[in-house]
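Here is the structure we will look at, set down as structure tokens.
The values are calculated or read from the model by the stated rules, or taken from the named source; none is laboratory data. Note that the coordinates shown come from a computational prediction; the quantities given were computed from them, not determined experimentally. Here Cβ is always computed from backbone atoms with ideal geometry, including for glycine, and neighbour counts include all displayed protein chains.
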2 protein chains.
Amino acid sequence: MPRYTEMTTGQLREELARLQNAFEEKAAEGLKLDMSRGKPSLEQLDLSNGMLDVLDSSHTSYIAENGIDVRNYGCLEGIPEARRLFADILGIEADEVFICGNSSLNMMYDTVSRGMLFGFPGGEKPWGQQQKIRFLCPAPGYDRHFAICEVFGIQMITVPMTAEGPDMNLVESWVNNDETVKGIWCVPQYSNPGGITYSDETVRRFANLKPAAGDFRIFWDNAYCVHHVTETPDHLLNLMDECKKVGTEDMVIMFTSTSKISFSGAGVAAIGCSRRNMEALKKVIPMQIISFDKLNQIRHVRFFKDVEGIHEHMEKHRELLYPRFQMVLDTFERELGDMYVPELRHSRANETGVHWTHPNGGYFISVDTMDGCAARTVELCKQAGVTLTGAGATFPYGKDPHDRNIRIAPSYPSLEELQKASDIFCLCVKLATVEKLLKP
Amino acid sequence: MPRYTEMTTGQLREELARLQNAFEEKAAEGLKLDMSRGKPSLEQLDLSNGMLDVLDSSHTSYIAENGIDVRNYGCLEGIPEARRLFADILGIEADEVFICGNSSLNMMYDTVSRGMLFGFPGGEKPWGQQQKIRFLCPAPGYDRHFAICEVFGIQMITVPMTAEGPDMNLVESWVNNDETVKGIWCVPQYSNPGGITYSDETVRRFANLKPAAGDFRIFWDNAYCVHHVTETPDHLLNLMDECKKVGTEDMVIMFTSTSKISFSGAGVAAIGCSRRNMEALKKVIPMQIISFDKLNQIRHVRFFKDVEGIHEHMEKHRELLYPRFQMVLDTFERELGDMYVPELRHSRANETGVHWTHPNGGYFISVDTMDGCAARTVELCKQAGVTLTGAGATFPYGKDPHDRNIRIAPSYPSLEELQKASDIFCLCVKLATVEKLLKP
């Protein structure tokens, strides 16, 4: 069978009828499958069940290594053993870690909010009192980062992602020349959704930015720093180390959490930042809260012991995730292999086929359909009972300029469900493509 | 011995010398005692140790009654059984409860922040986009409420507390006539620090407010709703019931937490509000967080079972708190009884003696020294090794107009420490008083 782009109108019409029949059959099955959000599977959650009873009612359960009673108020920045654990995860020092609640997204929201209200060291006044505030948004990216900018009325500038991370020529040009640019959202390892790990060169260029704004901050959301899927993990150069070499460490705020290590929603989140930023945090966080949940901190430390324990645990996650990612990729290869295009450029239209990523970690596979087919594919999937992240969600303001990016989250469904969902997805991609090619 | 106010200068000089000697002796002991914050004692925390292993790794531990797996994302507003428990605590319906993180203070901060960013139903635009925003602050009150206003640049108007709650003539006059008044901070039961429970009349007058501003909200911080100290607890009329009678339920946002029921910092906090406010919350909270810690919610429900379980548990707290409060009050009676004045009015100077409260619940005893003696008393206590809440902290902007209110937190120290600390406190009150009387 020739590729769709090489078919005659007659051939396309025949193919359309065939696909429509197949689609109607699928839709009639009344399936209800969800590949929309990066949720761990039940088997993954089971891996941490030991944490549910790692504490007991004995005294040793709730006394931290510095002697404080974690059941009471105090130790706002977190217990020392938890700060050390997160420091090792992020590759920074323990006194550069502030342990917060259960959600790194909440920490990012709060950090932007603090920027608006109080500003950051190096700035003349709070962001909220400055005329115009802008953030760079590498895209495709994480919809909830962009939502935070919308909430606070921060103007978003899209920066295309490349295979090495955000387009650094653009990033440098904006950050180093425009003092209204106050931040950039980065998921530097196994980016959401592209699965890209920033190259060493990219990380070094980040460390060597010379921002026009003294209160510019890199929001380094290292959500997937230990979340490998294949046996050939990516390696991310440590941004804080690189910054320290050139004295730019105040420019970085790191975030991570155990939401996809232990329990989603019942994990522990942490901020990593320079001592100067840390001092500023210590002044403003008490306005907001008296104490974070230190019992959950000690639960995590007792269960994982140390960063080695985390890595061993993540290997078990990997063993559960790998077959799911592989099944989706195998299905794509089988069903859409003829249409595969190895590389797309943001600046160019895609009128020939479908691209998808082969990530070594993270939670997503990113698909680019032919231009103008993403929203229709997502709509068709919905009709056939498969929920996907909304088309456009991976771009600022929910607007994908090419209408082609779709984020696939393979972690939650069972293998059986995933097979069905992937089959339907491929069918819908084909149907949307043929529909498009038949349009006058 | 005559009362200080009746002494001659000569007698006062003699007394000063005697007190100074006693003070120097105490100071030389190098004590380190803390009556500054409402922290539960270790014995109180022990009461909830059973919660530390109430869950185990079995399936029943983490499946809520609606079948959802509390280890994963989802159920943002809280699991049904936890919403019901908090509904019973607050005397409202389960669908009027939003369960949040561990800290009700954080919920209040976030609620004010949302008012600034998004506004509330009934308002034309967000508070932050309105020219001038003011809050009524019944005082003496809770310092961290006032700090939230300062953070957001909200102008504070002091409203004097009476024995029945805030001066409602003033409250009505402001709220019903001034549309820049957007909120009022209330701790309606066992107020912080006065220990006052609002009278039925006060609650009814709150329910019948007719705010000039459609986006006015009562911040009803019911932190001590089940926190009795004596065997003759106060009863608070239910504001939501009263509001429903007259259709004003959108005006109220209730807050509570288990910080002083289970563990400080590792408890669960909840918001109670009308269904209209709830719908608004459900729209904006997802911008900030994906999921609160539902494992901690289920831990609380499994441990306390129901509101009866809470009341039984609080009786055990009461048995630990009562002797502490009583020891402080007995010491005051013995050492300062001669100076006791039964009632003070906010508008009048106190030049005769010392007033203190006899609360039936909550975490504080509130002391009013003679005018101009509070800061000096706190300073003297500090020199003798006793840390108190800063003088002035109980008033907006940290400024007590009479310099007389001091908040005493008797819960945390042991009985032995508390006796020492109370003795020193009384000595310092006397010393500050005599110093004052000797000033030209």
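Is it true that some residue in region A:322-332 is among the hydrophobic types (A, V, I, L, M, F, W, C), in contact with an Asp or Glu (Cβ under 8 Å, 6 or more places away or on another chain) and away from chain B (no Cβ under 14 Å)?
No: region A:322-332 contains no residue that is among the hydrophobic types (A, V, I, L, M, F, W, C), in contact with an Asp or Glu (Cβ under 8 Å, 6 or more places away or on another chain) and away from chain B (no Cβ under 14 Å).
Of everything in region B:363-389, what is surrounded by fewer than 22 Cβ atoms within 10 Å (Cβ to Cβ) and touching a residue at least 40 places away in the same chain (Cβ under 8 Å)? Give them in sequence order. Result: B:Gly372, B:Arg376, B:Gln383, B:Gly385, B:Thr387, B:Thr389. Filtering region A:383-416 to residues that are in a helix (DSSP H, G or I) and closer than 22 Å to A:Ser41 by Cβ leaves A:Leu415, A:Glu416.
Let me confirm something: among B:Gly38, B:Gly10, which residue is among the small types (Gly, Ala, Ser), within 14 Å of chain A (Cβ to nearest Cβ) and either under 34 Å from the mean Cα position of the chain (by Cα) or surrounded by fewer than 19 Cβ atoms within 10 Å (Cβ to Cβ) (or both)? When all the criteria are applied, what remains is B:Gly38.
None of A:Gly50, A:Gly78, A:Gly67 is surrounded by fewer than 18 Cβ atoms within 10 Å (Cβ to Cβ), more than 7 Å from chain B (Cβ to nearest Cβ) and not charged (D, E, K, R) except A:Gly67.
List the residue pairs whose Cβ atoms are under 9 Å apart, where the first residue sits in region B:14-39 and is in the same structural domain as B:Phe364 (by TED's automatic domain parsing) and part of a loop (DSSP other than H, G, I, E, B), the second is among the acidic types (Asp, Glu) and surrounded by 13 or more Cβ atoms within 10 Å (Cβ to Cβ), and the two are 6 or more positions apart or on different chains. Hits for this filter: B:Leu31/B:Glu417. Does region B:236-250 include one or more residues that are in a loop (DSSP other than H, G, I, E, B) and within 14 Å of chain A (Cβ to nearest Cβ)? No, every residue in region B:236-250 fails to be in a loop (DSSP other than H, G, I, E, B) and within 14 Å of chain A (Cβ to nearest Cβ). Looking at A:Gly141, A:Gly153, A:Gly123, A:Gly115, just one residue is in a loop (DSSP other than H, G, I, E, B), more than 24 Å from A:Ile196 (Cα to Cα) and away from chain B (no Cβ under 11 Å), and that residue is A:Gly123.
Kindly check whether there is at least one residue in region B:408-430 that is free of Cβ contacts under 8 Å to residues at least 12 places away in the same chain and over 27 Å from B:Tyr198 (Cβ atoms).
yes
When A:Asp403 is tested against (1) closer than 30 Å to A:Glu319 by Cβ; (2) without any contact (Cβ under 8 Å) to a residue 40 or more places away in the chain, exactly one condition is not met: (1).
Going through (1) hydrophobic (A, V, I, L, M, F, W, C); (2) within 25 Å of B:Ser113 (Cα to Cα); (3) surrounded by 22 or more Cβ atoms within 10 Å (Cβ to Cβ) one by one, A:Phe118 falls short only on (3). Whenever a residue of region B:149-176 is in contact (Cβ under 8 Å) with a residue 40 or more places away in the chain, its partners that are part of a helix (DSSP H, G or I), lying with C-beta atoms within less than 6 angstrom and at least six residues away or across chains, give the pairs B:Val151/A:Met287; B:Phe152/B:Val112; B:Phe152/B:Met116; B:Met156/B:Cys149; B:Met156/B:Pro396; B:Thr158/B:Pro396. The requirement of being assigned to a loop (DSSP other than H, G, I, E, B), on the phi > 0 side of the Ramachandran plot and within 14 Å of chain A (Cβ to nearest Cβ) is not satisfied by B:Gly195.
The set of residues in region B:128-151 that are at pLDDT below 95 and either hydrophobic (A, V, I, L, M, F, W, C) or outside the structural domain of B:Asp250 (by TED's automatic domain parsing) (or both) contains only B:Val151. A single entry from B:Ser58, B:Ser104 fulfils the requirement of being farther than 24 Å from A:Lys260 by Cα and either within 13 Å of chain A (Cβ to nearest Cβ) or polar (S, T, N, Q) (or both): B:Ser104. What about B:Glu351, is it modelled with pLDDT under 95, farther than 24 Å from B:Cys137 by Cβ and surrounded by fewer than 17 Cβ atoms within 10 Å (Cβ to Cβ)? Yes; evaluated as a whole, the condition is true for this residue.
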